[in-house]
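The values are calculated or read from the model by the stated rules, or taken from the named source; none is laboratory data. For clarity, every value in this text was computed on a predicted model and none was experimentally measured. Note that each Cβ is placed from the backbone with ideal geometry, even for glycine, and that neighbours are counted across all protein chains shown. To get the accessible areas, we keep the full protein, side chains included, count just its heavy atoms, and leave off ligands, DNA and RNA. Shrake-Rupley method; radii C 1.70, N 1.55, O 1.52, S 1.80 Å.
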Amino acid sequence: MTKIAITSPKGVKDILPDDEKYWSYIKSCIQRIVNLYDYKRIDLPVFEETVLYQRGVGKGTDIVEKEMYTFKDKAGTSITLRPEFTAGTVRAYIQQGMASMLKPVKLWSIGPVFRYERPQAGRFRQHTQFNVEALGEIDPALDFEIMSIAYDLFTALGFKNLTFQINSIGCQSCRPSYLKKLIRHYRNHSGEFCDECERRLKNNPLRVLDCKRAECQRVIEGAPAIYEELCPECRDHFETLKKYLDRNGRIYRLNRNLVRGLDYYTKTVFEVWSEEIGAQNAVCGGGRYDGLAEILGGPPTPGVGFASGLERIVMLLKKEDISVPDTNSAAVFFAYQGQDAKMRVVEMLADFRERGISSIMAFGSRSLKAQLREANRRGVEYTVIIGEDELSKDIVQVKHMKGEGQVSISVNDLIPFFKERGVVP
Ligand code: HAM
């Protein structure tokens, strides 16, 4: 029988140990920043009833039309793997009675989301989102806070070349009249759109503004700007948000064509772009969604939030050559000669680990030279060497792997030696 190796499905990624330092670094920055802003963690199910996304994200969106992983469970209920966090967070807010909590209710999550997209650089079928939501408050100062969390995170991570793109897409009272104007403009250009947008003209005309294809770009250039058509309330909200951004020295670009791909947005929308991964590949996107709770059968509850893809952040950290701390490597390697020394090493390792010193040993029965080669490759700072001679005299050799030479010390002095050098926590 020929053996065929099984590989992972298209568009998913194994995160290998070499990349782990990036992931731990990002997660530690996230934890520090959500604590600073006092957001509480919420863990949500990875699947929900399909109707949640059909109603919440919107039937005419790419996500619901083409990208959901949907299946019937054994009871015949239509289930969907979560393609994003916002609808699930608002569902939990309503279901768990969070409306009675002190507002705004500030929540964050992290975990995998699933979208059947065409895989390419930075675009996967399973990716990991850091998601933040603040519910129950209409104040534009909260939009600013949400954008500041993203800003602080990317600054803490060491990025310098990111741009904030912002827009306001109005509300139920001003958007319909804008859409009429927009459709009038489109009518003067019928037949000039790409196939996808010909379809969007009917079920999601706003999304045409987002199209990157040259033929559509020509039409979009002359389209009316939504932020010029806002009702007084939306205009006031947007102007106040911009004042907060200006007063705090935040650089942003007013992007009249930024409309986002999910139907629930009202007023503020924003994205963070990097030149490195192209305008299509935002590292972060979000906005306000004041009508979503009602769409999902809850009480009127304004909300604002964003999500950022961790795979894209890792990609950018690497592209920009940002060095991240490696807190995962062992500090001490034990090498030995002979079975008695090995027996001693196993004992010492247990003691070291009890004291909180990350330490490892050589396995098998290789020469001392081969063990030292391994120590080098493992990237440890120190190697403790015990041969037959050392064993009989109750001493060890400690070799500093980064060039400070080798010393011979008594076993009793080993822990104080490492304490002095900051290896013992
Ligand atoms: P989104 O723009 O669809 O927004 O996704 C947020 C972020 O997830 C993107 O900016 C990107 O970094 C990452 N991302 C999206 N799709 C992929 C993919 N296929 N592969 C890798 N990374 C990806 C939302 O999901 C909204 N729920 C955000 C939000 C929260 N709005 C308000 N609150």
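Set the Förster radius R0 to 25 Å, insert the Cβ-Cβ distance between LYS212 and SER177 as r into 1/(1 + (r/R0)^6), and round the FRET efficiency to 0.05.
Details: r = 27 Å, r/R0 = 1.08.
E(calc), rounded to 0.05, equals 0.40.
Between beta-carbons, use under 12 Å as the cut-off and find the net charge around GLU215, counting Lys and Arg +1, Asp and Glu -1.
-2
Evaluate the charge dipole of segment 1-132 about its Cα centre and quote only its size in Debye, nearest 20, assuming +1 on the Cβ of each Lys and Arg and -1 on the Cβ of each Asp and Glu.
Details: 21 positive and 14 negative charges, 18 e Å.
About 80 debye.
Rounded to the nearest 20 debye, what is the charge dipole size of segment 338-398 about its Cα centre when +1 sits on each Lys and Arg Cβ and -1 on each Asp and Glu Cβ?
Working: 10 positive and 10 negative charges, 76 e Å.
Roughly 360 debye for segment 338-398.
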Which residue, LEU16, LEU107, LEU179, tops the fluctuation ranking in a GNM of the chain built on C-alpha contacts under 10 Å? LEU16
Would you compute, from DSSP H runs of 4+ residues alone, the mean residue ellipticity of the chain at 222 nm, taking -39500 (n - 2.57) per run and dividing by the full residue count, rounded to the nearest 500? -11000 deg cm²/dmol
Extended-chain gain in nm, criterion 0.36 nm per residue less alpha-carbon gap, ALA370 and ASP394: 6.3 nm
Can you tell which of SER100, PRO425, VAL380 lies farthest toward the positive end of the dipole of the chain, using +1 and -1 charges on the Cβ of basic and acidic side chains (Lys, Arg; Asp, Glu)? SER100
Just check segment 1-134 against the gyration tensor rule for me: Cα atoms, a ≥ b ≥ c as the square roots of the eigenvalues, rounded for a/c under 1.5, and otherwise prolate or oblate depending on whether a/b exceeds b/c. oblate
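Charges only on Cβ, +1 for Lys and Arg, -1 for Asp and Glu: so what's the dipole of the chain about the Cα centre, in debye to the nearest 20?
Details: 61 positive and 56 negative charges, 211 e Å.
For the chain, the charge dipole is close to 1020 debye.
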What's the angle, to the nearest 10 degrees (0 to 90), between helix 339-354's Cα axis and the longest principal axis of the chain? 40 degrees
Can you give the local net charge around LYS243? Use residues other than it whose beta-carbon is closer than 12 angstrom to its beta-carbon, Lys and Arg +1, Asp and Glu -1. -1
If each K or R counts +1 and each D or E counts -1, the residues other than PRO119 whose Cβ falls under 9 Å of its Cβ total +3
Among rounded, prolate and oblate, which fits segment 224-311 when a ≥ b ≥ c are the square roots of the eigenvalues of its C-alpha gyration tensor, a/c under 1.5 means rounded, and a/b larger than b/c means prolate? oblate
In a GNM of the chain with a 10 Å cut-off on Cα contacts, which of ARG344, ARG256, ARG91 has the highest mean-square fluctuation? ARG344
Filter the chymotrypsin sites (Phe, Trp or Tyr not before Pro) in segment 311-372 down to the DSSP loop ones having no more than 15 other Cβ atoms within 10 Å, then list what survives. PHE363
So the angle from the long Cα axis of helix 20-37 to the longest Cα principal axis of the chain, reported in degrees to the nearest 10, equals 60 degrees
Each residue of segment 129-134 in order: what ³J(HN,Hα) in whole Hz does its phi give by Karplus 6.51 cos²θ - 1.76 cosθ + 1.60, θ = phi - 60°, with x for Gly and Pro? 10, 9, 10, 10, 9, 10
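Ordering VAL51, VAL423 from largest to smallest accessible area (1.4 angstrom probe), what's the sequence?
VAL51, VAL423
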Among ASN167, HIS189, TRP273 the positive-end extreme of the charge dipole of the chain (Cβ point charges): HIS189
